[in-house]
Amino acid sequence: MKKVAPIDQRKSDHIRINLEQDVRSALTSGLEHYHFVHEALPELDLESVDTSLTLFGKRLAAPILISSMTGGTELAGEINQRLAVAAREVGVAMGLGSQRAALERPEQAPTYTIARKVAPEILLFANLGAVQLNYGYGLDECRRAVEMIAADALILHLNPLQEAVQDAGDTNWAGLARKIEQVCRQLEVPVIAKEVGWGISERTARLLADCGVAAIDVAGAGGTSWSQVEMHRAPDEFTRRLAATFVGWGIPTAESIQMVRRAAPGLTVFASGGLKDGLDIAKCLALGATLGGMAGQFLKAAAVSSERAVETMKLAKRQIEVVLLATGAQTTGALKDRLLLPTP
């Protein structure tokens, strides 16, 4: 029988390593190759540009997602509380980290439920690892995760590479699409499929669209590399070297957005993976995404205070607004006509 580190220990390790170590991918997001057409006479008032949207029945002030990060430890609960307060204040969406810890140890549930408690109106996403559907989880566990936080949708995250390089990871991914389809058909809220930092290909996008997911978060390469995170918590040299191999793995975010749009043009796309600011979010919107997600910046801000998290999110929102002004775009939907594609 494989020896598995307690879930709460893994969660603590993940927070600590992300805050203390350099865990960036060797790849970039690819967004640096794209630039907007600048308009010196935009004929707009900055205060009149509109970044708002409605998604899954909830109104957002800006197309920003606090990407799924954490839960399951005391520190994670504090971070989730601060992030949720900031999401409420600024009017953005929030995803929670995997709730498996709370399903298996109910005493950890408050570290997740605190988000809904302090921010009852925000667009909030529950989260479970898709591979757990091959390890005894099913519709009941998905419902419990959703009900735990009164979630507006459920994220099923896809992380085969992380599991493969992780000490005692869950590596049976066979036949999973059929089980994801069953959840999509029977769950009462929309299902979002999300990578964790290596991107979604056209093949996977078509498979997920056929499963019936409501949205795909590409979570492309260019930001946090979870193989690097696992390298830092590896228990031995073999596992450390295995994880270190994949520092340059994945599909850059800019490419992955376009792959998903080609494979499933009618599907809602979220973009995350190496996004640094509101300008990067705006580029993702121009490429076809509905939301742009960031994790590392918000985690570091929330580790300080709710006020710092609010400030960081307000800055990202203002950056998007300035992009609209400087491109002559009244709304984010107009950005797709104002992006300069990279030269071949």
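Report yes if some residue within region 122-140 is out of contact with any strand residue (DSSP E or B) (no Cβ under 8 Å at 6 or more places or on another chain), surrounded by fewer than 17 Cβ atoms within 10 Å (Cβ to Cβ), of a type in the set (D, E, K, R) and more than 30 Å from Ala316 (Cα to Cα); otherwise report no. Checked region 122-140: at least one residue is out of contact with any strand residue (DSSP E or B) (no Cβ under 8 Å at 6 or more places or on another chain), surrounded by fewer than 17 Cβ atoms within 10 Å (Cβ to Cβ), of a type in the set (D, E, K, R) and more than 30 Å from Ala316 (Cα to Cα).
In region 210-222, the residue that is surrounded by the fewest Cβ atoms within 10 Å (Cβ to Cβ) out of those that are touching a helix residue (DSSP H, G or I) at 6+ places or on another chain (Cβ under 7 Å) and over 13 Å from Trp249 (Cβ atoms) is Gly212. Screening region 156-175 for residues that are surrounded by fewer than 19 Cβ atoms within 10 Å (Cβ to Cβ) and of a type in the set (A, V, I, L, M) and picking the one that is nearest to Gly220 (Cα to Cα) gives Ala164. Search region 232-260 for residues being among the charged types (D, E, K, R) and over 19 Å from Glu195 (Cα atoms), and hand back the single one that is nearest to the chain's Cα centre (by Cα). Looking at residues that are among the charged types (D, E, K, R) and over 19 Å from Glu195 (Cα atoms), I get Arg233.
Considered as a group, the residues in region 141-155 that are touching a residue at least 12 places away in the same chain (Cβ under 8 Å) and surrounded by fewer than 18 Cβ atoms within 10 Å (Cβ to Cβ) include one that is farthest from Ile114 (Cα to Cα), and that residue is Arg143.
For first residues located in region 16-36 and within 19 Å of Gly288 (Cα to Cα), partners that are modelled with pLDDT under 90 and of a type outside the set (Lys, Arg) and lie 6+ apart or on another chain with Cβ distances below 6 Å form the pairs His33/Pro342; His35/Leu340.
Of all the criteria given as (1) surrounded by fewer than 24 Cβ atoms within 10 Å (Cβ to Cβ); (2) hydrophobic (A, V, I, L, M, F, W, C); (3) touching a residue at least 40 places away in the same chain (Cβ under 8 Å), the one not satisfied by Ala109 is (3).
As a summary of the residue check, Gln182 satisfies the conditions (1) crowded, with 22+ Cβ neighbours inside 10 Å; (2) at pLDDT 95 or above except for the one numbered (1).
For the criterion of being within 21 Å of Leu299 (Cα to Cα) and modelled with pLDDT of 70 or more, Ser12 fails. Would you check if there is a residue in region 31-51 being under 19 Å from the mean Cα position of the chain (by Cα), under 28 Å from Ser256 (Cα atoms), at pLDDT 95 or above and crowded, with 19+ Cβ neighbours inside 10 Å? Looking through region 31-51, at least one residue is under 19 Å from the mean Cα position of the chain (by Cα), under 28 Å from Ser256 (Cα atoms), at pLDDT 95 or above and crowded, with 19+ Cβ neighbours inside 10 Å. All conditions but one from (1) in contact (Cβ under 8 Å) with a residue 12 or more places away in the chain; (2) surrounded by fewer than 24 Cβ atoms within 10 Å (Cβ to Cβ); (3) not in a helix (DSSP H, G or I) apply to Met231; the one that does not is (3). In region 80-103, the condition of being more than 20 Å from Pro63 (Cα to Cα), buried (at least 22 other Cβ atoms within 10 Å of the Cβ) and without any contact (Cβ under 8 Å) to a residue 40 or more places away in the chain is met by no residue. Here Leu128 qualifies as modelled with pLDDT of 95 or more and touching a His at 6+ places or on another chain (Cβ under 9 Å).
Of the candidates Gly197, Gly274, the single residue that is within 19 Å of Phe125 (Cβ to Cβ) and in contact with a Gly (Cβ under 8 Å, 6 or more places away or on another chain) is Gly197. Pairs meeting the criteria (first residue in region 241-255 and at positive phi, second residue assigned to a strand (DSSP E or B) and not aromatic (Phe, Trp, Tyr), beta carbons under 9 Å, at least 6 apart or on different chains) are Gly250/Glu195; Gly250/Ala221. Taking Leu55, is it surrounded by fewer than 24 Cβ atoms within 10 Å (Cβ to Cβ) and touching a residue at least 12 places away in the same chain (Cβ under 8 Å)? Criteria met by Leu55.
The values are calculated or read from the model by the stated rules, or taken from the named source; none is laboratory data. These numbers were taken from a predicted model, which means no experiment stands behind them. For neighbour counting, all protein chains shown are included, and Cβ atoms are generated from backbone atoms with ideal geometry for every residue, glycine included.
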